[in-house]
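Novice: Provided herewith is a single structure, encoded as structure tokens, for subsequent inquiry.
Read-outs throughout are calculated quantities, based only on the coordinates presented, and are distinct from any laboratory measurement. The structure presented is a predicted model; accordingly, all values stated were derived computationally and were not measured. Counting neighbours? That spans all protein chains shown, and the Cβs are built from the backbone with ideal geometry, glycine included.
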């Protein structure tokens, strides 16, 4: 728990289970209900179907409409490209700014913005961060035929690793391991998302990939059980159930290196983030955040999450907003190191 508090993440499931929150019991402003009555909210997911971003987004979309004043319909669309950056740019520049557009964006967008990654056309501070279901721990897995079982193995021999865009964890993790821990990964980027990355391993195009630990457990539990993949290293919050893998944050040799890892993997505190577009009236932002909070207390939602093997340790939008601001305010020297690492 200490790791989450250090990262600025406030786990609130215990509060929801203990009883109604203020967000749940407060009477919603009539103007908000009047606005949303008869409206449709579109949730744009920046990643292909079947992965953790998609699973989390669709799960929340099924329930959040019933917990927003006026009970709007919620539909889901997919917009892939550039590791989620295409959808993020769309949400910031094109999508409606009235509270009828939500999105699921890459959790690395703040870090990518901090280092000035090309192709970004947004300011993460101006998004309205709504919530996420669980923090992420980035875990690099090697396919069983690769022969790699440990950090030492990938330090001694070159292995091909698949990745999506440069702002995504699938790219950042192997890059950090190359630059900071002497791994010899050859990184092949440009895959659309997790499903394509998994297929690439199965076909032998690549020998490994990075993914969140919760996603491995949710979407590929059979692979873990059958030892089709081996997790050799991870970064972000410590995972008590991830044994036998090197925790890079602990393996770092200096305080400066640990600070660098904290910045590079700042997305851990954003989970699979749900955002609303900039410029929305404050009372609608509050209603969307309260709606997300109420979803987590919804017994039917909890049952569906359990069925889908989705872990719940929710992150509130206000805390996500602080995490983004912290990453974007990182010292220039640290940003320069992250930039060299990630580009």
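Novice: Under the definition of Cα pairs under 8 Å and six or more residues apart, what whole-number percent is the relative contact order of the chain?
Specialist: About 29 percent, as a whole number.
Novice: Turning to a different aspect of this structure: Could you tell me the calculated FRET efficiency between residue 343 and residue 226, based on Cβ-Cβ distance and R0 = 51 angstrom, to the nearest 0.05?
Specialist: Here the calculated transfer efficiency is 0.85.
Novice: Hey, with R₀ at 35 Å, roughly what FRET efficiency would residue 256 and residue 121 work out to, going by the Cβ-Cβ distance, to 0.05?
Specialist: Once the sixth-power term is evaluated, E becomes 0.65.
Novice: Once both labels are modelled 7 Å past Cα along the beta-carbon direction, what's the residue 40-residue 156 spacing in nm?
Specialist: 5.8 nm
Novice: Take 213, 223, 129 and order them by how many other Cβ atoms sit within 10 Å, fewest up front.
Specialist: Result, fewest neighbours first: 223, 213, 129.
Novice: Continuing with this model, one more query. Relative contact order for the range 138-265 using alpha-carbon pairs under 8 Å, separation at least 6, rounded to a whole percent?
Specialist: Dividing the mean separation by the residue count of the range 138-265 yields 33 percent.
Novice: Please compute the length gained on full extension between residue 199 and residue 318, using 0.36 nm multiplied by the number of residues separating them and subtracting their Cα-Cα distance.
Specialist: Answer, rounded to one decimal: 39.2 nm.
Novice: Oh, and also: Hey, got the Cα dimensions of the range 282-325 along the principal axes, in Å, largest first?
Specialist: Each principal axis gives a Cα extent; for the range 282-325 these are 34, 22, 11 Å.
Novice: If you average 1/r over every pair of different alpha-carbon atoms in the chain and take one over that average, what Kirkwood value in Å do you get?
Specialist: 20.2 Å
Novice: Taking Cα centroids, how far is the range 226-254 from the range 296-334 in Å?
Specialist: 21 Å
Novice: Counting other beta carbons within 10 Å of each Cβ, put 266, 189, 210 in order, fewest first.
Specialist: Ranking 266, 189, 210 by Cβ neighbours within 10 Å, fewest first, gives 189, 266, 210.
Novice: Could you give the length gained by full extension between residue 71 and residue 98, i.e. 0.36 nm per residue of separation minus their alpha carbon distance, to one decimal place?
Specialist: So the chain would gain 8.2 nm between residue 71 and residue 98.
Novice: For the chain, with a Gaussian network of springs between Cα atoms less than 10 Å apart, report the residue from 134, 285, 76 with the top mean-square fluctuation.
Specialist: 76
Novice: Name the most mobile residue of 99, 244, 193, meaning the one with the largest mean-square fluctuation, in a Gaussian network model of the chain with Cα contacts below 10 Å.
Specialist: 244
Novice: Then there's this: Counting other beta carbons within 10 Å of each Cβ, put 53, 90, 191 in order, fewest first.
Specialist: Neighbour counts put them in this order, fewest first: 90, 191, 53.
Novice: Would you please state which residues of the range 91-120 a label at residue 336 would reach in this model, taking the label point 7 Å out along Cα→Cβ and a backbone N cut-off of under 18 Å?
Specialist: Only 114-117 pass the distance filter.
Novice: Students often check this: by mean Cβ neighbours within 10 Å, which of 299-311, 60-72, 33-45 ranks highest, and how do the rest follow?
Specialist: Going by the mean number of other Cβ atoms within 10 Å, highest first, we get 60-72, 33-45, 299-311.
Novice: Can you tell which of 59, 224, 261 shows the greatest fluctuation in a Gaussian network model of the chain with Cα springs below 10 Å?
Specialist: 224
Novice: For the chain, what proportion of DSSP beta bridges, expressed in % and rounded to the nearest 5, is antiparallel?
Specialist: 50 percent
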